[in-house]
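Notes for the one structure printed next.
The values are calculated or read from the model by the stated rules, or taken from the named source; none is laboratory data. From a predicted model like this one, the values you see are computed outputs, not experimental measurements. Note that we place each Cβ from the backbone using ideal geometry, even for glycine, and neighbour counts take in every protein chain shown. We work out accessible area using only protein heavy atoms, side chains counted, and drop any ligands, DNA or RNA first. Shrake-Rupley method; radii C 1.70, N 1.55, O 1.52, S 1.80 Å.
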Amino acid sequence: MSIARSFNNIAVGKKLAAGFAFVVVLAIVIAAFGINTLSQYHERSLIVAGASSAESSLLMARAEEKNFQLRRRSEFAREAKSLANGAAKEAEALMELLVVPADDARAQGIIDGVADYNRLIDDLESRINDLPMVVEAIEEKLQTKAREIVGLAVELQEIQVNRMEEQYNGAVNTLVTITVVIAALAALIGWSLTRNITSPIRETVDIA
């Protein structure tokens, strides 16, 4: 016996119940897919925000470092180190969200870079009254290290934004596919139910 004939032999009430159950299952699948997509979006947005905050902290640390060189007051050096440590804390928080090893390496690079940056700040503070060429050499190292850290933070932001765009496009394609499948199955089920209801009526009319 074919599947179509077996389906035709099922009572109309059971067919309606089966159709309703099918719609409920599809609704659950779509809801689960949407929740998972939104959850990943939320996590990636947190990563972007954290990386952006780390970048801002480093840029402000650089400003305080410049203030120290101009005014030669220790509080500016301490503030520069404090801001740099804030960037390291942001990177530590990011490591709890990151799942790709390459991203973990970038976050760890920010943490290690901040440690190197703070050591250079200490070196600058202790040698600020040395010859100008000595101070300039330390400043060049600080600038290079700061660029390296900021570059890692920017990479993290750009990578997450690209992944969010890819995820968005994939989610749209998946939802369109599911919608087409649901529409096709709904049309098929509706046509089958209509036929099973109208065929007996038509046969009865013909007999009458």
On Cα atoms only, tilt of 132-207 relative to the major axis of the chain in degrees: 10
Ordering Leu188, Leu120 by the accessible surface of their heavy atoms, 1.4 Å probe, largest first, yields Leu188, Leu120
Give the angle, between 0 and 90 degrees and rounded to the nearest 10, that separates the Cα long axis of helix 101-126 from the longest principal axis of the Cα atoms of the chain. 20
For the chain, the per residue accessible area (1.4 Å probe, Å²) is 62
Proximal aspartates and glutamates relative to Lys66, as straight alpha-carbon distance under 16 Å, when same-chain residues fewer than 8 apart are discounted: Glu75, Glu79, Asp122, Asp123, Glu125, Glu136, Glu139, Glu140
Largest-first ordering by accessible area, 1.4 Å probe, given options Tyr168, Tyr117, Tyr41: Tyr168, Tyr41, Tyr117
Starting from 0.36 nm per residue, how many nanometres of slack lie between Ser56 and Val99 once their C-alpha separation is accounted for? 13.1 nm
Short version: what are the Cα gyration tensor semi-axes of the chain, square root of 5 times each eigenvalue, largest first, in whole Å? 70, 12, 11
Taking the simple approach of a point 7 Å from Cα along Cα-to-Cβ for both Ser82 and Ala186, what is their distance in nm? 6.0
Would you kindly state how much longer the chain becomes between Glu75 and Val135 on full extension, computed as 0.36 nm times their sequence separation minus their alpha carbon distance, in nm to one decimal? 19.8 nm
Keeping the other protein chains in place, figure out the carbon and sulfur percent of the accessible area of the stretch 11-137, with a 1.4 Å probe. 62
